[in-house]
Amino acid sequence: MRKLTYYIACSIDGFIGDPQGDASSMFAFLDEEFLGYLASEYPDTIPVQGREQMGLEGAGNPNFDTVVQGRASYQLALDAGITSPYGHLREFVASRTLGPSPDPNVEIIDTDLVARVRRLKAEDGELGIWLCGGSRVAGELLDEIDELVIKTYPQVYGSGLPMFGAGFSVTDFSLESVRSFSNGVLVRRYARKR
């Protein structure tokens with residue numbers, strides 16, 4: 001069974017974006033040390049254009065071969081004229097409103113997201129599935145998430161998009177590792193308790 005990993009950036013108080021979904025203030029923390037870590041540990045999560053800029057075109061995919069994201073996350077790429085932001089991965093976009101896929105590498109999931117993700121998890125393969133966001137998609141898939149990798153930025157938002165847009169549900173995870181950086185960023189990895 002392949003793992004579904006929610007790999008996400010958030011504020012100290014657990015928001016992945018401001019009330020409109022903008023998380024650009026977190027970009028201020030992408031210094032040399034932290035970018036080096038991302039490039040070495042999670043190059044598969046860097047968009048194609050970023051991989052080109054960082055010289056990572058041949059970096060491979062050590063963690064994931066598939067990405068699942070919500071419409072709002074995908075819309076950021078579409079607004080920039082990019083139809084396959086993670087062309088080095090199989091891309092799935094959860095959306096009931098997008099319509100036909102604008103790219104042959106992108107499959108639109110417009111019904112029964114949980115069932116589709118369960119089928120992806122049941123596929124053969126060593127690499128996992130990256131849940132890129134957003135809040136509502138993560139909330140809908142909470143029971144399917146096997147691992148959390150949370151990049152916590154030293155900012156407090158006060159309000160905004162929570163990591164999980166779902167009703168109250170206590171779900172236990174165990175802390176596997178913590179890495180801290182001189183810019184104040186923490187990367188915590190948790191495994192789901194089953």
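Read-outs: derived from the displayed coordinates by stated rules, not from any lab. Values in this document were obtained by computation on a predicted structure and should not be read as measured data. Glycine also receives a Cβ, built like all others from the backbone with ideal geometry; neighbour counts cover every protein chain displayed.
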Inset, instruction - Quickly estimate the mean residue ellipticity at 222 nm for the chain, helices only: each DSSP H run with n ≥ 4 gives -39500 (n - 2.57), and the total goes over all residues, rounded to 500. - result: -5500 deg cm²/dmol
Legend entry - Likely footprinting exposure, 185, 48, 114, fewest C-beta neighbours within 10 Å first: 114, 48, 185
Inset, instruction - Hey, could you get me the Stokes-Einstein D for region 48-143, Kirkwood radius over alpha-carbon pairs, 20 °C and 1.002 mPa s, rounded to whole µm² s⁻¹? - result: 154
Inset, instruction - Give me the distance between the Cα centres of region 83-129 and region 38-77, rounded to whole Å. - result: 15
Inset, instruction - Normalise the Debye intensity by I(0) for region 112-194, one equal point scatterer per Cα, no solvent, then take log10 at q = 0.15, 0.26 Å⁻¹ and round to two decimals. - result: -0.67, -1.44
Inset, instruction - Starting from the Cα of residue 39, move 7 Å in the Cα-to-Cβ direction to define the label point; list residues of region 59-98 whose amide nitrogen is under 20 Å from there. - result: 59-64, 86-89
Legend entry - Label zone at residue 18 (point 7 Å along Cα-to-Cβ), backbone N below 19 Å, region 131-169: 135, 153-163
Inset, instruction - At 7 Å along the Cα-to-beta-carbon direction for both residue 124 and residue 53, put a label point, then send me their distance in nm to one decimal. - result: 3.9
Legend entry - 10 °C / 1.306 mPa s Stokes-Einstein diffusion coefficient of region 4-192, Kirkwood radius on C-alpha pairs, µm²/s: 93
